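Below: one structure, written as structure tokens.
What follows is calculated from the coordinates using simple rules that are stated; it is not laboratory data. Everything numeric in this text was worked out from a predicted model, so none of it was measured. All Cβ positions, glycine included, derive from the backbone under ideal geometry; neighbour counts span all protein chains shown.
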Amino acid sequence: MTALRSATVADAPAIGEVHVASWQAAYAGLMPEDYLARLSAEARAASWGRRIGGNVGRVLVAEDDGTIAGFAAYGLDEGQLYALYLLPRFWGRGLGRSLHDRVVEDLAAAGRDSAVLWVLSTNERAKAFYVRQGWAPDGATQTETIDEGRVTLEEARFRRPLP
């Protein structure tokens, strides 16, 4: 049985694990292998713990029989979906859609009429998922550097109307 709920600081280690496992699987071949291999679940957990504890945006988790299977992070004020990741073994089971739909409901309930997200331009799997959920690229792009400037990411902005 899967349940969606607000994340707590105690969920941060599991969220860190989901974040790293998801990036390593989803971005294989899209980001440098050495960068993906160096990702630290502990470092990600610390970052997510600070975010959750500091009430920076909202974070939801999808819990499947006691396992944190995925999470979504978003900002009501910005009307933005920041992150939506699942453990790879949960891909294709509808959990991503469930998390997505809850985020959309929350953003609409907060009075937003549209929402945005940024997606890696080369991540065809993610782009196809978002298009199926009603998102479309709006033409905006950005370049982000991570890993102390060693990795450059090209991102496209997607937008969707909210119900």
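Based on Cβ point charges of +1 for Lys and Arg and -1 for Asp and Glu, what charge dipole magnitude is obtained for the chain about its Cα centre, in debye rounded to the nearest 20?
For this selection, approximately 300 debye.
Using +1 at the Cβ of each Lys and Arg and -1 at the Cβ of each Asp and Glu in the chain, identify which of 141, 1, 12 lies farthest towards the dipole's positive end.
Among 141, 1, 12, the one farthest towards the positive end of the dipole of the chain is 1.
Where does the chain land on Rg/Rh, using Cα atoms and the Kirkwood Rh?
A ratio of 0.94.
Hey, can you grab everything whose amide H is under 5 Å from the amide H of residue 68? Only 5+ residues off in sequence or another chain; H modelled, so Pro and N-termini drop out.
none
Among 30, 118, 45, whose Cα lies farthest out toward the positive end of the dipole of segment 2-161, if unit charges sit on the beta carbon of Lys, Arg (+1) and Asp, Glu (-1)?
Positive-end residue among those listed: 118.
If I take every Cα pair under 8 Å that is 6 or more residues apart in segment 1-136, average their sequence separation and divide by the length, what percent do I get for the relative contact order?
24 percent
Using modelled backbone amide H atoms (1.01 Å from N, in-plane), which distant-in-sequence or interchain residues come within less than 5 Å of residue 83's amide H?
73
Once phi is turned into ³J(HN,Hα) by the Karplus curve 6.51 cos²θ - 1.76 cosθ + 1.60 with θ = phi - 60°, what whole-Hz value does each residue of segment 30-38 show in order, with x for glycine and proline?
Per residue, the Karplus-derived 3J(HN,Hα) values read 9, 10, x, 4, 5, 5, 4, 5, 8 Hz.
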